[in-house]
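Have a look at the structure below, then the notes.
Derivation of every value follows stated rules applied to the coordinates shown; laboratory data play no part. Source: prediction; values computed, not measured. Note that we place each Cβ from the backbone using ideal geometry, even for glycine, and neighbour counts take in every protein chain shown.
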Amino acid sequence: MGLKRPLIFLGPPGAGKGTQARRLSEMYHVPHLSTGDMLRDHVSRGTDLGRKAKPIMDRGELVPDEIVLGIVGERIGRPDCAHGFLLDGFPRTMPQAQKLDEILEKRRFRKPLAVNFLVDHDVLVRRVAGRRVCSVGGEIYNVHELPPGQDGKCLLDGGALIQRSDDRAEVVLDRLAAFERQTRPLIEYYRSTGDLEEVDGSASVEDVRKKLLEIFAEHSVDGHCA
Ligand code: AMP
């Protein structure tokens, strides 16, 4: 199984993009390309790029386009992306969206389908502040929804659940502001070309997944790229 069109998950932090992307990439057997995860990997490995990105990420601002485009361009060129991929948290600026179009055209992929996750501001703030991530496999949890008796360990691999440094309450509002300023224009960009769908991201994980599968069926995205 693969994807005929690359998928883009758009939406503010806490909208549920990562949770859905993790599950759907397994289902379609395509890579889940999260620029946030890629940047955090550079930070934890202490690469030059990671050292440059860390203070910017900690302030809740966007890392410069050229850094992100370098990572994504290289990643999309790898063989495992040949049958499609799912972009989570990229593109986030107009120059990134335009460059992505060029990359996809050059590599002969079909036009991407963007899905915008709609969630109210107050829900986002609560979700991001309550988010915990497994330090081993990256599974995403929320302290407000953890099953009773769960003691801060991942249900999948027992890894410790930790809070991302940029999920602290002081940074959340800056990240939401960056979304409004730099990423929101992309919604109109993809709408204008007829490549945008929207989901109610405040619904349950299962209901959002069902809605996404309906959208993908309408757009016939299952199958192989190109
Ligand atoms: P995320 O995990 O998607 O919430 O991303 C975490 C942080 O990584 C963001 O707040 C940005 O600082 C940085 N980042 C992730 N993706 C991008 C992108 N496409 N462009 C610029 N910065 C990004």
| message | For region 137-177, take every pair of Cα atoms, bin their distances at 10 Å starting from 0, and report each bin as a whole percent. | response | 25, 45, 26, 4
| said: What does the net charge come to around Y141 if you take all other residues with beta carbon closer than 15 Å to its beta carbon, with K and R at +1 and D and E at -1? | reply: +3
| message | If I model a spin label as a point 7 Å beyond the Cα along the Cα-Cβ vector, how far apart are those points for R45 and A160 in nm? | response | 2.3 nm
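What area, in nm² and to one decimal, does the C-alpha convex hull of region 22-61 cast on average over all directions? Don't skip to the end; give the middle numbers.
Values: hull surface 13.3 nm².
Over every viewing direction, the Cα hull of region 22-61 projects on average to 3.3 nm².
When ranked by the protection proxy of mean other Cβ atoms within 10 Å per residue, highest first, what sequence do the peptides 83-89, 126-132 form?
Values: 83-89: 23.0, 126-132: 19.1.
The densest-packed peptide leads the list: 83-89, 126-132.
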| In whole percent, what relative contact order does region 56-179 give with Cα contacts below 8 Å and a gap of six or more residues? | 30 percent
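Nearest 500 deg cm²/dmol is fine: what mean residue ellipticity at 222 nm does the chain get from its DSSP H runs of n ≥ 4 alone, each adding -39,500 (n - 2.57), divided by its residue count? Before the final figure, lay out each step's value.
Numbers: 9 runs with 101 residues, N = 226.
About -13500 deg cm²/dmol.
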| request: Enter the Cα centre distance for the pair region 95-133 and region 164-182, rounded to the nearest angstrom. | output: 15 Å
| remark: Sorted by chain and number, the residues with a modelled amide H under 5 Å from that of R132, at a separation of 5 or more or across chains, are Y141, N142, V143
| task | May I ask you to order 10-18, 194-202 by the average number of other C-beta atoms within 10 Å around their residues, highest value first? | result | 10-18, 194-202
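Within the set of other residues whose C-beta is less than 13 Å from the C-beta of A53, count the net charge using Lys and Arg as +1 and Asp and Glu as -1.
Numbers: positive: R40, R45, R51, K52, K54, R59; negative: D37, D41, D48, D58, E61, D65, E66, D166.
Surrounding charge for A53 is -2.
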| request: Please tell me the relative contact order of the chain in percent, rounded to the nearest whole number, where contacts are Cα pairs under 8 Å and at least six residues apart. | output: 34 percent
| query | Can you list the equivalent-ellipsoid semi-axes of region 81-127, largest first and in whole Å, using the square root of 5 times each Cα gyration tensor eigenvalue? | reply | 27, 12, 8
| task | Work out Dmax and Rg for region 135-226 from the C-alpha atoms and quote the Rg first, both in angstrom. | result | 17.6, 48
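May I ask for the equivalent-ellipsoid semi-axes of the chain, computed as the square root of five times each C-alpha gyration tensor eigenvalue and listed largest first in whole Å? Please list the in-between numbers first.
Values: eigenvalues 131, 87, 66 Å².
So the three semi-axes of the chain are 26, 21, 18 Å.
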| query | Taking H as built 1.01 Å from N, whose amide H comes closer than 5 Å to the amide H of E197, not counting residues under 5 places away? | reply | A114, V115, N116
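How big is Rg to Rh over region 8-129, alpha-carbon atoms, Rh as the Kirkwood inverse-mean-distance radius?
Numbers: Rg = 14.5 Å, Rh = 15.2 Å.
Value, to two decimals: 0.95.
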| request: Could you please report the charge total around L33, scoring K, R as +1 and D, E as -1 over all other residues with beta-carbon less than 9 angstrom from its beta-carbon? | output: -1
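Provide the gained length on full extension for the span R191 to E170, in nm with one decimal, where the gain is 0.36 nm per separating residue minus the Cα-Cα distance. Can you show the working numbers first?
On the way: separation 21, 0.36 × 21 = 7.56 nm, distance 3.24 nm.
Stretched out fully, the R191 to E170 stretch lengthens by 4.3 nm.
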